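**Student:** Here it is, the structure in full.
Just so it is clear, none of the values below were taken in a lab; they were calculated from the coordinates. Here the structure is a predicted model, which means the values were calculated and not measured. All Cβ positions, even for glycine, are placed from backbone atoms using ideal geometry, and neighbour counts span all protein chains on display.
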Amino acid sequence: MRLVAEGLSAKRGEDLIFLDISFEIAGGEALVVKGANGSGKSTLLRVLAGLLPAHSGTVKLLAAAQPVERVSEAAHYLGHRNAMKRELTVEENLFFWQSFLGDFAGGAGLPVVEAVEAVGLGGIAHLPFGYLSAGQQRRMAMAKLLVSWRPVWILDEPTAALDAAAEAMFAGLVTAHLARGGVAIAATHQPLGLEGGKELRMRGFAGVMEDVW
């Protein structure tokens, strides 16, 4: 499996945010997107996730387990917001997402109980989401990545509001996902503890530079 982006550019209104971005990552690889505030990191991820249209260029998932017209069909997107109902319990939120998303061909998600345990929330899964601290809410949003199988993880500042132990836990989740042949694309200002990934540095209209780190 390969995710290939070619010649991507994006606009917000009449303003061009970034221009001519290309990269390729294979199953088992991670891409970390870095750059100054306003350089277009979040906009790029939203284009990849199908939440914003590209002004030009293409994004393709090649040799996937099932044909896809849009990468979003095979992707999880974890943005700045956690996409959870405050009034529902942790378990109720996760059961909803598991039922709504289902599994992409080639893999199976974890049972809700196991996903909750994997992010360290086993003792509080019965509580409403709104009762949780900011860090616990972020962990619960991460559990959403586990309850349905998607080979592509698109992550925008995934470790925001997490302590060091939770950051290490999340690095383990991403590493396990890559070991299953998945790919991860993350925009972050913080180290994710991943080894052997690629880096895409956003430079606004000056373009991008891709390095192996």
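**Student:** Between helix 134-147 and the chain, what is the angle of the helix's C-alpha long axis to the longest principal axis, kept within 0 to 90° and rounded to the nearest 10?
**Tutor:** The two axes meet at around 80 degrees.
**Student:** Dipole of segment 57-193 (Lys/Arg Cβ +1, Asp/Glu Cβ -1, origin at the Cα centre): which of Val183, Met169, Val119 lies farthest to the positive side?
**Tutor:** About the Cα centre, the residue reaching furthest to the positive side is Val183.
**Student:** Could you point to the residue in Phe18, Val90, Ala5 farthest towards the positive end of the chain's charge dipole, with +1 and -1 charges on the Cβ of Lys/Arg and Asp/Glu respectively?
**Tutor:** Phe18
**Student:** Something else about it: With each label point set 7 Å from Cα along the Cα-Cβ vector, what nm distance links Arg12 and Asp103?
**Tutor:** Computed distance between label sites Arg12 and Asp103 equals 3.9 nm.
**Student:** Then there's this: Report, in debye and to the nearest 20, how large the dipole of segment 2-212 comes out about its Cα centre when Lys and Arg carry +1 and Asp and Glu carry -1 on their Cβ.
**Tutor:** Using Cβ point charges on Lys, Arg, Asp and Glu, segment 2-212 gives about 300 debye.
**Student:** To make sure I understand, if each residue's beta carbon is the centre and we count other beta carbons within 10 Å, what order do Tyr77, Tyr131 fall in, fewest to most?
**Tutor:** Neighbour counts put them in this order, fewest first: Tyr131, Tyr77.
**Student:** OK, next. For the chain, what is the relative contact order in percent, using Cα pairs closer than 8 Å and at least 6 residues apart in sequence?
**Tutor:** Over the chain, the number comes to 29 percent.
**Student:** In what sequence, highest mean first, do 93-101, 28-36 appear when ranked by Cβ atoms within 10 angstrom?
**Tutor:** 28-36, 93-101
**Student:** Here is a further query. Compute the angle between helix 164-179 and the longest alpha-carbon principal axis of the chain, please, reported from 0 to 90 degrees and rounded to the nearest 10.
**Tutor:** 70 degrees
**Student:** Now for a separate question. Pull out a ≥ b ≥ c, the square roots of the eigenvalues of the alpha-carbon gyration tensor of segment 1-76, then state rounded if a/c is under 1.5, prolate if not and a/b is larger than b/c, and oblate in the remaining case.
**Tutor:** prolate
**Student:** For Asn93, what is the net charge nearby, where nearby means another residue's Cβ is under 14 Å from its Cβ and Lys, Arg count +1, Asp, Glu -1?
**Tutor:** Its environment carries a net charge of +3.
**Student:** Under a 10 Å cutoff between Cα atoms, tell me which one of Leu16, Leu61, Leu45 has the largest fluctuation in the Gaussian network model of the chain.
**Tutor:** Leu16
**Student:** Convert each backbone phi in segment 46-62 into a coupling constant with the Karplus relation 6.51 cos²θ - 1.76 cosθ + 1.60 (shift: θ = phi - 60°), then list the ³J(HN,Hα) values in order as whole Hz, x for Gly and Pro.
**Tutor:** 5, 5, 4, 7, x, 7, 10, x, 6, 6, 7, x, 9, 10, 9, 10, 9
**Student:** What distance in nm separates the two pseudo spin-label positions at Ala179 and Gln66, each 7 Å out from Cα along the beta-carbon direction?
**Tutor:** Inter-label distance under the simple model: 2.6 nm.
**Student:** Also, quick follow-up: Quick check: the distance between the Cα centres of segment 115-142 and segment 5-32, to the nearest angstrom?
**Tutor:** Going from one Cα centre to the other spans 32 Å.
**Student:** Continuing with this model, one more query. Per the Kirkwood definition applied to all pairs of different Cα atoms, how many angstroms is the hydrodynamic radius of the chain?
**Tutor:** 17.5 Å is the Kirkwood radius here.
**Student:** Taking amide H positions as placed 1.01 Å from N in the peptide plane, with prolines and chain starts having none, which residues 5 or more places from Leu31, or on another chain, fall under 5 Å of its amide H?
**Tutor:** Those lying under 5 Å, H to H, from Leu31 are Ala184, Ile185, Ala186, Lys198.
**Student:** Also, quick follow-up: Determine the alpha carbon to alpha carbon distance for each of Lys11/Lys34; Lys34/Lys144; Lys85/Lys198; Lys11/Lys85 and list only those over 28 Å.
**Tutor:** Checking Cα-Cα distances, Lys85/Lys198; Lys11/Lys85 exceed 28 Å.
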